[in-house]
1. Specify the residue that is nearest to A227 (Cα to Cα); the eligible residues are those in the stretch 16-60 that are in a helix (DSSP H, G or I) and assigned by TED's automatic domain parsing to the domain that holds R116.
2. Output the residue which, of all residues in the stretch 145-165 that are touching a helix residue (DSSP H, G or I) at 6+ places or on another chain (Cβ under 8 Å) and small (G, A, S), is nearest to A10 (Cα to Cα).
3. Give me the residue from the stretch 51-75 that is farther than 13 Å from I144 by Cα and of a type in the set (A, V, I, L, M) and, out of that set, surrounded by the most Cβ atoms within 10 Å (Cβ to Cβ).
4. Give the residue, chosen from A157, A161, that is exposed (fewer than 15 other Cβ atoms within 10 Å of the Cβ), of a type in the set (A, V, I, L, M) and at pLDDT below 95.
5. What is the number of the single condition among (1) free of Cβ contacts under 8 Å to residues at least 24 places away in the same chain; (2) of a type in the set (K, R); (3) in contact with an Asp or Glu (Cβ under 6 Å, 6 or more places away or on another chain) that R84 does not meet?
6. Condition check: aliphatic (A, V, I, L, M), out of contact with any Cys (no Cβ under 9 Å at 6 or more places or on another chain) and at pLDDT below 90. Does L238 satisfy that?
7. Looking at A130 and the list (1) touching a residue at least 24 places away in the same chain (Cβ under 8 Å); (2) surrounded by fewer than 20 Cβ atoms within 10 Å (Cβ to Cβ); (3) not assigned by TED's automatic domain parsing to the domain that holds L193, which single condition is not satisfied?
8. Checking the condition among the small types (G, A, S) and under 19 Å from the mean Cα position of the chain (by Cα), which residue from A161, A148 passes?
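The values are calculated or read from the model by the stated rules, or taken from the named source; none is laboratory data. On a predicted model such as this, the values are computed, not experimentally measured, just so you know. Cβ atoms come from the backbone with ideal geometry, glycine included; neighbour counts cover every protein chain shown.
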Amino acid sequence: MRFLLTRPMAMAAETAEKLQALGHEALPAPMLDIVARPVGDLPADTFDAIILTSRNALEVLAQSETLARYRLTPLLVVGERSARRALELGLPKPVEIANDVAGLIAAIAGDYRGKRLLYLRGADITQDLAGILRREGLRIEEQIVYEAVARTIMAPAMRQALNNEKIDGVLFYSTRTAEIFVRLIEQEDQKSLCRPMIAYCLSSHISTKLPLDMFGGLRIAPHASEAALLALLPQAHLSSNGETKGEKR
């Protein structure tokens, strides 16, 4: 089966490899482009820890010359994948790895009182982590280091795949990518081409951004992890040489 991946390109490429290992095909069709922002002035002294809730911020930390002096600072992150990515980028092994943002907030509020913290984040956030921690009495400096810019036109490869009915399903990882996908589809009057497809959503909240009549079916991960999302996909049938067989287009 062939699936459309709506997440930013770097993450879509990782997911594509996982789908291939499961015997599926993937077409990356990012709804967002990640653009680094110039890092503003920061204090010359050090921080006790750096908070990162996305891998995009990790990438900026590893590449920005302005942030170079902070690269040995202890890291507080969300997700095992971010922890692994930190090591791949040559950053220290994170000292705190939470399952989600709420878990990270709780850990920081409990263990980092009196500490000086730096929060590197994107321009758009779903939870005001810094505000919550400040209300708890913690000292935290915020720095926006990237923004996720919405695509305004449909990629030619995506348009061609839709027109040729070569897509079996679409994977959605965020409400924003779901909203952009719907806007691009409606902009080109291609809603009917989505009806044979299944929408796979990382959460029920994401599914609320999809019109009820857009897709032929909807699947929602039981919990917000990529493993749970990919477990929803139909099992591919592989031949002895590892090729997928018996698929319908």
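1. First pass over the stretch 16-60, keeping only residues in a helix (DSSP H, G or I): 16-21, 55-60.
From what is left, the residues that are assigned by TED's automatic domain parsing to the domain that holds R116 are 55-60.
Working: R55: 17, N56: 20, A57: 22, L58: 22, E59: 23, V60: 26 Å.
Checking each candidate, the answer is R55.
2. A148
3. L75
4. On the way: A161 fails: exposed (fewer than 15 other Cβ atoms within 10 Å of the Cβ).
None of the others qualify; the one that does is A157.
5. Of (1) free of Cβ contacts under 8 Å to residues at least 24 places away in the same chain; (2) of a type in the set (K, R); (3) in contact with an Asp or Glu (Cβ under 6 Å, 6 or more places away or on another chain), only one is false for R84: (3).
6. Yes; evaluated as a whole, the condition is true for this residue.
7. Here A130 clears every test but (1).
8. After applying the criteria, what remains is A148.
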